[in-house]
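Worksheet: one structure, shown below.
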Amino acid sequence: MRKRAPRSGPRPPSLLDALLPVFVLIALLALTIVLFGVSATDGPLQVALLLSAAFASLVAFKNGHTVASVADAAVSGVTVAMSAVFILLAVGSLIGTWNMAGTIPTVVDYGVRIVSPSWFYVTAAVVCAVVGMVTGSSWTTAGTLGVAFVGMSSVLGLDEAIAAGAVICGAYFGDKMTPLSETTILVPQLVGGGLTVGQHVRNMIWTAGPALGISLVAFFFLGRAADPDAAISTDEARAALASAFDISALTLLPLILLVVLAVLRMPPFLSILGSAVFAAVLAPFLQWDAVVAFVDDPSLGTVATAVKAGYAAMATGFVSNSGVPQIDDLFSRGGMTSVLTTIWLVLGALSFAAVMERAGFLQRILEPIVSRTRRRGSLIASVTASGVGLNVIAGDQYVADVLPARMFRKEFARRGLAPQVLSRAVEDSGTVTSVLVPWNTCGAYMSGVLGVATAAYFPFCFFNLLSPLLDILYGYLGFKVPQAEAPWEDEAKTATFAAVTGGDNDE
């Protein structure tokens, strides 16, 4: 009797194999949220993600994947996150030195002086939209001006969660409406078919424009209905700011440098860190009293005090000692240590995503969705659901962009839909909704730098919630869903998860 040849390589996963790690993840995440509430991101969520990654690894072992293969996948997932980690560390140091140099206090002072509370949320969204288009980065926009706007809302006695929502809405609109954005460049390349970035952006405006317009109307009414309850009056707040910091146009030089470096398309990490270092050098010249009070070591000379202040602000954050509790609480922030919990969250999420992708679980989950979609509207809805689902399961916007773009490409081409229909659906779901998930790289980043929990700002991210819904609506109505002028699937460029996620994770 002939012996059956041993099976070479791992077995393809069953649907149950693919779904079990997802069920475990959902159960563990739900348990941490029930037990810890908004404090879950301080550690329990990270533990849940790592336990889920371990469970997914066990299922992968059962299917014949080796320990070395799964370990390599986890390491690859962490490697992908390195650009995001460096940007997070740079933003942490920037917030610390910008506070010490008086940059953020000056922006807050000017904003409080100019912006009416009733128009504050609208102004925050519009300004962040413009800056997002100029810089091509929602992360840079939120980590700089976004921090200032949230600080302004505190001084004015307005809701910080609504302010964070306005910042995110504007930053993501600007990010999507510029050819400078990394994901706006990436997605057309993934879809292929000769699609250009310009065509992609022009088609996205039909969902992004109305979504932002509705968001601004909502922010207008929220501003009109706001009842500011600041602990101190605006005049008192400005007087306290002036007593703690030298408020002048010179303190805005680090902000100007950052904008210039962004326009010159310098790498985000170097741009942000360069501005942080510049602010640390500038601070002793503009805010000497605040620097001396921060270091609080009379034995040090002038140079040593300045150097120690720069190191401390970048490492552990600046601490204001003005004597006014509201001002000290607001500007005692930043430092690389302040983002370590966020980095832990990012690493946990990407480790789980990497194991799921290497074991073939993510593709196995998507296959039935692709094969059973029949109508145009349901096809677009399936892309959207896949993008949102992958943001939740995989915890990274790149996975949520790459997999749907590649897996749905043939079906869109077969039905004669133009490639920009798929690219818009991918961006409106995979990219835009990533910030709504606490353990997603984007959600963790925004929550970390803005100091507002994801669950708190979630209801006010109108742009991010409306964009995918409008895309689905257009799909069923046939509005702005162009047909392809010629077959395009064969022209698509080949891209893989590993290849496209090696760049800056800077939304």
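Going by the alpha-carbon gyration tensor, a ≥ b ≥ c the square roots of its eigenvalues, is the range 117-156 rounded (a/c under 1.5) or, if a/c is not under 1.5, prolate (a/b greater than b/c) versus oblate? Cα axes put the range 117-156 in the oblate bin.
In debye, nearest 20: dipole of the range 71-206 around its Cα centre with unit charges on the Cβ of K, R (+) and D, E (-)?
280
Per residue, the convex hull spanned by the Cα atoms of the range 45-110 measures out at 107 cubic angstrom.
Using a 10 Å Cβ count of at most 15 others and DSSP loop calls, identify the longest part of the chain lacking such trypsin sites (Lys or Arg not before Pro). It runs 8-264. Probing with 1.4 Å while keeping every protein chain in the model, the per residue accessible area of the chain equals 40 Å². Each helix, a run of at least 4 DSSP H residues, gives -39500 (n - 2.57); summed and divided by the residues of the chain, these come to -22000 deg cm²/dmol at 222 nm.
Comparing Gly223, Leu261, Leu250 along the charge dipole axis of the range 207-272, the residue lying farthest to the positive side is Leu261, per the Cβ-charge model.
Per-atom-type breakdown for the range 350-407 gives carbon and sulfur 51% of the accessible area (1.4 Å probe, protein chains only). Only Cα pairs under 8 Å and 6+ residues apart enter the sum, and on that basis the relative contact order of the chain stands at 25 percent. Applying the Karplus relation 6.51 cos²θ - 1.76 cosθ + 1.60 with θ = phi - 60° to the range 153-169 yields 3J(HN,Hα) values of 4, 5, 5, 7, x, 9, 6, 5, 5, 5, 4, 4, x, 5, 4, 5, 4 Hz, where x marks Gly and Pro. To test your reading of the geometry: what angle, between 0 and 90 degrees and rounded to tens, separates the Cα axis of helix 268-286 from the longest principal axis of the chain? Taking Cα atoms only, the helix is inclined about 10 degrees.
Backbone geometry of the range 303-312 corresponds, through the Karplus equation with coefficients 6.51, -1.76 and 1.60 at θ = phi - 60°, to 3J(HN,Hα) couplings of 5, 4, 4, 5, 5, 4, 4, x, 4, 5 Hz, x marking Gly and Pro. Distance from the alpha carbon centroid of the range 136-209 to that of the range 285-313 works out to 37 angstrom. Seen through its C-alpha gyration tensor, with square-root eigenvalues sorted a ≥ b ≥ c, the range 275-331 comes out oblate because a/c lies at 1.5 or above while a/b is not bigger than b/c. Under 5 Å from the amide H of Leu417 lie the amide H atoms of Ala484, each residue being 5 or more positions distant or on a separate chain, with H modelled from the backbone and absent for Pro and chain starts. Enclosing the Cα atoms of the chain in their convex hull gives a volume equal to 154 cubic angstrom per residue.
Taken along its three principal axes, the alpha carbon spread of the range 16-157 comes to 64, 31, 27 Å, from the longest extent down to the shortest. If you sort Ser275, Ser322 by accessible surface, 1.4 Å probe, largest first, the order is Ser322, Ser275.
The values are calculated or read from the model by the stated rules, or taken from the named source; none is laboratory data. The shown structure was predicted, so the numbers you read here are calculated from the model rather than taken from an experiment. Note that we place each Cβ from the backbone using ideal geometry, even for glycine, and neighbour counts take in every protein chain shown. Each accessible area value is taken on the protein alone, full model and side chains, heavy atoms only, with ligands, DNA and RNA left out. Shrake-Rupley method; radii C 1.70, N 1.55, O 1.52, S 1.80 Å.
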